[in-house]
Amino acid sequence: MSDNAKTAAPAGPSALFEDMQQRLRKGLKVLSQPLDTEVGATPKDLVFEDGKLKLFRYRPVAKNLISPPVVVTYALVNRYYMIDLQPDRSMVRELLARGVDIYVIDWGYPGRLDRFLTLEDYIDDRMNACIDAVRKRAGVDHVSLLGICQGGTFSLIYTSLYQEKVKNLVTMVTPLDFHTDTGLLNIWSGFLDVDKMVNVLGNIPGDFMNAGFLMLNPLQLVFEKYRSFSEHLDDAEFVSNFVRMERWIFDSPDQAGEAFRRFIKELYQENRLARGLFTLGGRKVDLKNITAPLLNVYGTADNLVPPACSVGIAAAVGSKDKETVDFPSGHIGVFVSGKSQKVLIPKIATWLEKHSAPDKGKRKAHAGKRG
Amino acid sequence: MDNPMAAWSALQKSWMEALKGGKQGETGGGDPFASWCKMWSPEGNPWPDASPLSHALAAFGSYNRLFDAWSRASSSGADSGAATEKVFGAWREIVEDFTKRWASLFSFGAGEAGKNLGADPAAIVRHIMGSVDAFREFYRSFYKPWQESMTKLAQRSAELAGRAPSAEVVEQFHKAWMEAYEETVGRFVKIPSVGPAREKYDLLWKGVDAMFRWQGASLEFALEMQIPAREAFEAVSGRLGALLKSETTVEEFGEFYEALVKETEKRVFELFKTERFAAAIRTTLSATLDLYKAAQDLMEEQLRATPVVTRKEMDEVEQELVALRRTVKAQGNELEALKGEMARRKA
């Protein structure tokens, strides 16, 4: 309750309405002022593109950069700017400040034509092209790969097949074992007739995916969140942050039909990756092929990717140097919570520095060259 | 009559009265055919009294009374099946009578030539009555259960309407409604299409069917979702009475709300974890996709007659385009690799 609510003099049902009216009046004042709701504001440059896919490099701010560069692979279902949502809660800014050279893959918004894109197109072709572009540009043999959520699963698959191009692997809130009964998505997806969905819809609408995510916690995400918002309507900073988060939540690209069909059927329903039965482009994906040092981070209160889905990654890979971090937050809190900015992101930067290329160590930022 | 409209009106009136009254002599009503004839020829009936149409129309009056009885039986939830059988019986008699008379007229004077042309009165009657009997069989095997289902639904609805309104009542009505649908239109839609023409028209039927099923599934899903909300409200409803007293503070409202959210959340998660709920999602989603598909198919069929490209055609072109892009890309990569190899060899 806001201070207004606590000091409201009237009692009975009318008290409630009077309190709401007061807050609404103040809120309207806030909303009528210009609000800073920009997302993904950290400067970056386009360095490679292939159709709708774009590869950006965030402009380094440190004099010495940790080598090799980090390529961030985000999930297909939401936009990558979650890692740079707002200036004071930006994983990107924290990492840049600590000398990490960051590239990020923007998968784009699939259109009609992209309904036929397969997981091979995404991983073997596009992701591989991005990593080759970074290697070529930075003059390195391999990169550090940082995969988030579904992007983490892609990173596991990629590293298993292209180990020679990956120096370090960081997976964040990444699902591997989809056959746990702790996650509602795991339970529900088992009942999905994915063939029918793709055959009828082509691309799977982002709004449909979003509805599924909101259903994971409907009271909090559909009602309680907005009630809380109404209580802070008079707080400009709160409103700005709320709008940014809302923008990210509802900025959901459609899912390329064929890739979605395979991801749900073979990973969610058949758990093929965890069982060592998954193939890509006719090659078996064996996670034991991964020998790169691994840092796996999961949220202990994550309801999208429950800990049980992610905790087994370290045991599944062949790496000798591996570390698992259980961070006390939900799926998004891993990136935007205050504690994440203070504790987790610096830890990742330190880990990357510790695992930087021994031959080159720190290298100078590209002088006079943007992007 | 000078005014043709007045004459027409009088004709309609007399006809309707005749229909209501039934056959002359039995009910005291007028013969509709005779009324019609009199309208056009006030001097008298220019047609022989024994004309088949006159008889058929008179008999139709009796049929009409039976039909009224059947309608009443259907709407009151009484045994409409038995009433329908009576209507059928009357209808059969009318057709038989009419057919016999018509066939005798047709063959009148035709002699051997008429018979050679297939105008054998007995054969005509036999053929037509065979069709009538076939129709009656169709009714018995298909329409009768339909009637019975509707009667059952009417009885169930009347029973539920007498109860106090509640979510259970809505749920039970919905179930009764869906059962009736499955036994009636649902069965009809499942009859396989015979030939392309039927397939074309069946698209519309399938669309209607998909809409009903989607409506049913959505309602079922909504009812499923209502359960935890209702239970939670019942759990905290004891506090609601106290809350509505004038001295209640905003904080107390807040506490009530928090308690309601907590109770609902607990029950919602219990429900969400069940396979029953996952199955409900599947059913609802499946019904939604069926509806979407039915609309797509209808649209596809309509567009085929226009110069506008259809989705199916677009899909084919796009699939080919994507395959071509992959080939071009792969060949481009090969070319680059060869260039690199050549450069290495030169060096």
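The values are calculated or read from the model by the stated rules, or taken from the named source; none is laboratory data. Owing to the predicted nature of the structure, the values given are computational and were not obtained by experimental measurement. Here the Cβ positions follow ideal geometry from the backbone for every residue, glycine too, while neighbour counts run over all protein chains shown. Accessible surface is based on the protein model in full, side chains and every heavy atom, while ligands, DNA and RNA are left aside. Shrake-Rupley method; radii C 1.70, N 1.55, O 1.52, S 1.80 Å.
Values as computed for the structure displayed
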{"read-out": "Overall form of region A:95-246 per C-alpha gyration tensor (a/c, 1.5; a/b vs b/c)", "value": "oblate"}
{"read-out": "Amide H contacts of residue A:47 (H built 1.01 Å from N, under 5 Å, at least 5 apart or other chain)", "value": "A:55, A:56, A:57"}
{"read-out": "Mean-position separation - Cα centroids, region A:266-326 and region B:304-347, in angstrom", "value": "33 Å"}
{"read-out": "In order through region A:290-295: 3J(HN,Hα) via Karplus (6.51 cos²θ - 1.76 cosθ + 1.60), integer Hz, x for Gly, Pro", "value": "6, 10, 5, x, 10, 10"}
{"read-out": "Cut-off under 5 Å, modelled amide H: who pairs with residue A:325 long-range", "value": "A:296, A:297, A:298"}
{"read-out": "Protein-only accessible surface order, largest first, of B:146, A:107 at 1.4 Å", "value": "B:146, A:107"}
{"read-out": "Local electrostatic count at residue A:306 - Lys and Arg +1, Asp and Glu -1, tallied over other residues with Cβ under 15 Å", "value": "-3"}
{"read-out": "Per-residue average of Cβ from other chains inside 10 Å of A:196-203", "value": "4"}
{"read-out": "For B:196-202, mean number of other protein chain Cβ atoms within 10 Å", "value": "0"}
{"read-out": "³J(HN,Hα), Karplus 6.51/-1.76/1.60, whole Hz, each residue of region A:71-79, x for Gly, Pro", "value": "9, 8, 10, 9, 5, 6, 7, 10, 8"}
{"read-out": "Rounded Å value of the spacing that divides the Cα centres of region A:63-112 and region B:252-268", "value": "39 Å"}
{"read-out": "Ranked by how many other beta carbons lie within 10 Å on average, peptides B:284-293, B:329-338, A:317-326 from highest", "value": "B:284-293, A:317-326, B:329-338"}
{"read-out": "Summed buried accessible surface, chains B and A, 1.4 Å probe, nearest 100 Å²", "value": "3600 Å²"}
{"read-out": "Charge tally in the Cβ shell below 13 Å around residue A:252, where Lys, Arg are +1 and Asp, Glu are -1, residue A:252 excluded", "value": "-2"}
{"read-out": "Inter-chain Cβ neighbour average for residues B:250-259, partner chain, 10 Å", "value": "5"}
{"read-out": "Two-site label geometry, residue B:135 and residue B:328: point separation in nm, points 7 Å out along Cα→Cβ", "value": "6.3 nm"}
{"read-out": "Counting DSSP beta bridges with both ends in region A:42-174, the antiparallel % (nearest 5)", "value": "45 percent"}
{"read-out": "Accessible surface, region B:192-308, averaged per residue in Å² (probe 1.4 Å)", "value": "60 Å²"}
{"read-out": "Whole-Hz couplings from phi, Karplus 6.51/-1.76/1.60, listed for region B:265-282; x for Gly and Pro", "value": "4, 4, 6, 4, 5, 4, 5, 4, 7, 7, 5, 4, 5, 4, 5, 5, 4, 4"}
{"read-out": "Links that overshoot a 30 Å alpha carbon limit, given the list A:44/A:347; A:320/B:339; A:29/A:54", "value": "A:320/B:339; A:29/A:54"}
{"read-out": "Accessible area (Å², 1.4 Å probe, nearest 10) - residue B:267", "value": "50 Å²"}
